[in-house]
Amino acid sequence: MNTFAFTRRALALAGLLALAPLAGAQTVKLRMAHSGAEAETQHLAALEFAKQVKARSNGQIEVQVYAASTLGNDNTAIAGVRGGTIDLATSGTPYYTGMVGRMNVLDLPYMFASAEHAYKVLDGPIGRGLLDELEAHNMKGLAYWEVGFRSLTNSRRPVKTPEDIKGLKVRTTPNPAHLKAFQLFGATPTPMPLAEVFPALENKAIDGQENPVGIVRGNKFNEVQKYMSMTRHAYTAMPVVMNKAKFASFTPAQQQVLIDAALAAGSFQRELIRKNEAGDIAYLRGQGMVIEENINAEPFRKLVAEPIKQLFAEKHGTQLIDAIASTR
C-alpha cells in the first residue's frame, strides 16, 4: 500500500473511532428554528441538515426542525440560541448585524456580481471570519445558507426605474443598508418580521416587500401583490448558528459532524435555488403576477451603491469592501 492510501485509510479509521463511543450513548436531540415556510428552500435545507447530522453521527444526534416562526420570529429565535433555550437557528444576516456590525458588508446593495462571487466570499476567509465574530455573542456560526438576491414586489404599479419606487411603503429587514437604500429610492422602508408581512400586505398597511422569488412564492405573496421587478438589488446570506455552550459540549468529532452537515445542506440549498428560480417565476406569472425580468440595474446601482458603501466605511473602514471586490 502506498503512503497516500495508507494515510487516507488511517484518517478514515480515526474518524470512525472518534465516533465509536457514541454507539452506546443516549441520542441527543437538538431544536432548530427558522422563519421560512415549509415550502421554502431554507426549510428543505434544514431537513437536509437534520438528515445529514443523523447519518454522520450514526444516529446519536437528531435535529428537530421548527419552521414558519413556530418558536418565534427571527429575533426571538436568535435570542433563544444566545440564551440556550433553542439549540440552532438560521436567519438572514440582517438579524445579526446589530451584534456584529461588520457583517453588514454582506448586505450592501450590489456588493456581489453573481451568486458565484457571493459563495466564494462566504466560503472563504472573509465569511469564516465574520461567523467567528458571533462567538462573542454566545453563538457558534456553522455555515452560510442563503436567502438570495432580493427583488421588489408591490401592489400599486410596475417598477422599471428607481423613480417608480418613490412613495411606496416597503417592508424591509431591519438592516441599516436595506433601510438606507429604500430611503434613497424615495420609499418609506418599514421593517417587520417575515411572519407579519402577508397580513400587512393584505390589509394595505404596506405596499410592497423585497425578497427573492422563492420566498415570494413560498409565502404566497402573489395573492396580495400584483407586480414584481427583478431588481436583485442586494444579496442576503443566512448564517446557521448554534448555542456556543451547546456546541462546546460535543466532542471534536461531533462538532465536525455538525459543521460538515451544515456545509452540505448549504450546497444542497444553493443547487435547489438555482434549479427552482425559472419555475418559480413561471408559476408566479401563471398566478397573475406582472413580472419585470429585464431590469436595467445601473440606475438603481448608481443611486444607492456608493453612498451606502461610504456609510459602512465611515464605521468599519474599507478593508472588507476591498477584500470582497478583489475576491473573484
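The values are calculated or read from the model by the stated rules, or taken from the named source; none is laboratory data. Because the structure is predicted, anything quoted here is derived from the model rather than measured. Cβ sites come from the backbone with ideal geometry, for glycine too, and all protein chains shown count toward neighbours.
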Close pairs (6 angstrom Cβ cut-off, 6 or more residues apart or separate chains): touching a residue at least 12 places away in the same chain (Cβ under 8 Å) in the stretch 122-135, of a type in the set (Gly, Ala, Ser) and part of a helix (DSSP H, G or I) anywhere: Ile126/Ala323
Here is a check on your reading of the model: is Gly101 in contact (Cβ under 8 Å) with a residue 12 or more places away in the chain, more than 26 Å from His43 (Cβ to Cβ) and not polar (S, T, N, Q)? yes
Test: Val147 is touching a Ser or Thr at 6+ places or on another chain (Cβ under 7 Å), free of Cβ contacts under 8 Å to residues at least 60 places away in the same chain, under 24 Å from Ser229 (Cα atoms) and crowded, with 16+ Cβ neighbours inside 10 Å: no
Across the stretch 230-246, which residue is nearest to Gly80 (Cα to Cα) among those that are β-branched (Val, Ile, Thr) and under 9 Å from the mean Cα position of the chain (by Cα)? Val240
Residue pairs qualifying under the 6 Å Cβ cut-off, at least six apart or on distinct chains, with the first in the stretch 275-288 being modelled with pLDDT of 95 or more and buried (at least 16 other Cβ atoms within 10 Å of the Cβ) and the second being hydrophobic (A, V, I, L, M, F, W, C) and in a helix (DSSP H, G or I), are Glu277/Val213; Asp280/Val213; Ile281/Val213
Could you figure out which of (1) over 20 Å from Ala113 (Cα atoms); (2) outside any helix (DSSP H, G or I); (3) in contact with an Asp or Glu (Cβ under 9 Å, 6 or more places away or on another chain) isn't true of Thr236? (1)
Can you say whether Leu263 is more than 15 Å from the chain's Cα centre (by Cα) and part of a helix (DSSP H, G or I), as far as the supplied structure shows? no
Six or more apart or on different chains, Cβ under 6 Å: which pairs go from a residue in the stretch 210-223 that's farther than 15 Å from Val170 by Cα to one that's part of a loop (DSSP other than H, G, I, E, B) and of a type in the set (Gly, Ala, Ser)? Could you list them? Gly218/Ala37; Gly218/Ala39; Asn219/Ala37
Considering only residues that are out of contact with any strand residue (DSSP E or B) (no Cβ under 8 Å at 6 or more places or on another chain), surrounded by fewer than 20 Cβ atoms within 10 Å (Cβ to Cβ) and touching a residue at least 24 places away in the same chain (Cβ under 8 Å), which ones fall in the stretch 49-66? Asn58, Gly59
Would you say Met139 is at pLDDT 95 or above, surrounded by 24 or more Cβ atoms within 10 Å (Cβ to Cβ) and over 15 Å from the mean Cα position of the chain (by Cα)? yes
Give me a count of the residues in the stretch 170-201 that are surrounded by 18 or more Cβ atoms within 10 Å (Cβ to Cβ), farther than 21 Å from Ala305 by Cβ and charged (D, E, K, R). 1
Kindly list, by first and then second residue, each pair from a residue in the stretch 236-264 that is over 23 Å from Thr97 (Cβ atoms) to a residue that is in a helix (DSSP H, G or I) and of a type in the set (D, E, K, R), limited to pairs with Cβ atoms under 8 Å and residues at least 6 apart or on different chains. Val257/Arg56; Asp260/Arg56; Ala261/Arg56; Ala264/Glu48
